[in-house]
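K.L.:
I have a structure I would like to understand better, so I am pasting it below and will then ask my questions one at a time.
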Amino acid sequence: MAVISSGDTQTLSWKLSGLDTRCNETCTAANCCGVHIHVGKTCSDASSIGGHYWTTNGTDPWLTVMYNTTSMPALETNLAVVTGASGEDVSGRAMVIHDYDGARIACGLIDEASTDSFAAYPGYTGNLATAGVMKVSSKDVTQSLSWIFTAGLDTRCSDACTAANCCGVHIHVGMNCSDKDTIGGHYWNSTFVTADPWAMIMYNTSHMPSVMMDVMVPTGYEEDDVEDHTMIIHDFDGGRIACATLSEIHDGMWTESTTTTTTTTANPASLSGASKTSLALGAVTAVLTVQSLA
């Protein structure tokens, strides 16, 4: 799930599976099929999660924010919610998923992500303006990548590609997106890793937004080594189309998440079969771990 804050508005995009299948039709219960930011900053204590988070006067802006399961995974792109809150305000709060009856079935906390905003690769003159956010976690000499891209990818990447670097998502040697001469090639430690580990790391545009969780890349480098390097996005032909700098590398893999559960459900919400959702919060970028409430 991507959330981009601009002024007093959050814009949501999501790709979710494992939802309540009854949400393929109109519902009337309070909070039915809802996707909402809540007041609390915990998922471990149901009494502390609180109600919907917004700071404006008037009607609750979250009442009409719902997922739909007519087709799966459930997709939404650029749904604006005027909360009155900034990206900093919503950072750290709980995102709650509801079922058809309005019950809370999943919860996740917002945590920092790794990339700043993607910009066009230096010298790129095409029409693809990549928008999205990534999180990179590191344990020992392996990195775990999770991403959500909401726009600006090569639509041809819904099919198999054969060109070098086609549809690629790669950390590169350079640390500056403004000078293509210093970005260099893929970043990996050939002393410890015999073959380029980035060769098969790709996005797919069969569904948008394009989402991937927990892609393990054994680069041979530790956390401090990869921070501040460039993340490059490639098109179907392998050309470089977008660049961002890795501003935050997280210690540990997703499987070490400590998010706990609070209310039982047999139908947990998850992302494309996994249990993590990526978020971007304007100046605050984040990754949300969504788990069932139990």
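The values are calculated or read from the model by the stated rules, or taken from the named source; none is laboratory data. Here the structure is a predicted model, which is why all the values come from computation and not from measurement. Neighbour counts are summed over all protein chains in view; Cβ atoms, including those assigned to glycine, are modelled from backbone coordinates with ideal geometry.
K.L.:
Look through Gly18, Gly34, Gly40 and report the one residue that is at pLDDT 95 or above, under 27 Å from Ser71 (Cα atoms) and within 21 Å of the chain's Cα centre (by Cα).
P.N.:
Of the residues listed, the single one that is at pLDDT 95 or above, under 27 Å from Ser71 (Cα atoms) and within 21 Å of the chain's Cα centre (by Cα) is Gly34.
K.L.:
Now a separate question. Considering only residues that are in contact (Cβ under 8 Å) with a residue 60 or more places away in the chain and small (Gly, Ala, Ser), look in the stretch 20-54 and name the one that is surrounded by the most Cβ atoms within 10 Å (Cβ to Cβ).
P.N.:
If we take residues in the stretch 20-54 being in contact (Cβ under 8 Å) with a residue 60 or more places away in the chain and small (Gly, Ala, Ser), then Gly34 is surrounded by the most Cβ atoms within 10 Å (Cβ to Cβ).
K.L.:
Okay, next question. If a residue has to be free of Cβ contacts under 8 Å to residues at least 24 places away in the same chain and within 16 Å of the chain's Cα centre (by Cα) to count, how many in the stretch 220-250 make the cut?
P.N.:
0
K.L.:
May I pose another question? On the given criteria, is Ser137 without any contact (Cβ under 8 Å) to a residue 60 or more places away in the chain and either over 28 Å from Thr230 (Cβ atoms) or outside any loop (DSSP other than H, G, I, E, B) (or both)? Please lay out each step first, then the result.
P.N.:
Values: without any contact (Cβ under 8 Å) to a residue 60 or more places away in the chain: no; either over 28 Å from Thr230 (Cβ atoms) or outside any loop (DSSP other than H, G, I, E, B) (or both): yes.
Taking the combined requirement at face value, the residue does not satisfy it.
K.L.:
Given the options Met208, Met175, name the one that is touching a His at 6+ places or on another chain (Cβ under 8 Å), hydrophobic (A, V, I, L, M, F, W, C) and assigned to a loop (DSSP other than H, G, I, E, B).
P.N.:
Met175 is the lone residue from the list that is touching a His at 6+ places or on another chain (Cβ under 8 Å), hydrophobic (A, V, I, L, M, F, W, C) and assigned to a loop (DSSP other than H, G, I, E, B).
K.L.:
In addition: Output yes when any residue across the stretch 148-163 is over 13 Å from Asn204 (Cα atoms), modelled with pLDDT of 95 or more and in a loop (DSSP other than H, G, I, E, B), and no when none is.
P.N.:
yes
K.L.:
Taking only the stretch 56-72 into account, find how many residues are closer than 18 Å to Ser86 by Cβ, out of contact with any His (no Cβ under 7 Å at 6 or more places or on another chain) and at pLDDT 95 or above.
P.N.:
1
K.L.:
For the stretch 144-164, which residues satisfy the criterion of being more than 25 Å from Leu16 (Cβ to Cβ) and either crowded, with 21+ Cβ neighbours inside 10 Å or in contact with an Asp or Glu (Cβ under 9 Å, 6 or more places away or on another chain) (or both)? Show your work before the answer.
P.N.:
Keep residues of the stretch 144-164 that are more than 25 Å from Leu16 (Cβ to Cβ), which gives 156, 160-164.
Within the stretch 144-164, Arg156, Cys161, Ala163 qualify.
K.L.:
Same structure, new question: Please tell me if Ala94 is surrounded by 16 or more Cβ atoms within 10 Å (Cβ to Cβ) and under 24 Å from Asp8 (Cα atoms).
P.N.:
Yes; evaluated as a whole, the condition is true for this residue.
K.L.:
List the number of the failed condition for Val169; all other conditions in (1) within 30 Å of Tyr53 (Cα to Cα); (2) part of a strand (DSSP E or B); (3) hydrophobic (A, V, I, L, M, F, W, C) hold.
P.N.:
(1)
K.L.:
Now for a separate question. Mind checking which residues of the stretch 211-230 are crowded, with 16+ Cβ neighbours inside 10 Å, modelled with pLDDT under 95 and part of a loop (DSSP other than H, G, I, E, B)?
P.N.:
Glu222, Glu227
K.L.:
Test of understanding: among Phe192, Phe236, which residue is surrounded by fewer than 15 Cβ atoms within 10 Å (Cβ to Cβ), modelled with pLDDT of 85 or more and either within 27 Å of Thr162 (Cα to Cα) or basic (Lys, Arg) (or both)?
P.N.:
Phe192
K.L.:
Could you say which residue among Asn57, Asn78, Asn68 is out of contact with any Lys or Arg (no Cβ under 8 Å at 6 or more places or on another chain), loosely packed, with under 14 Cβ neighbours inside 10 Å and within 27 Å of Ser206 (Cα to Cα)?
P.N.:
Asn78
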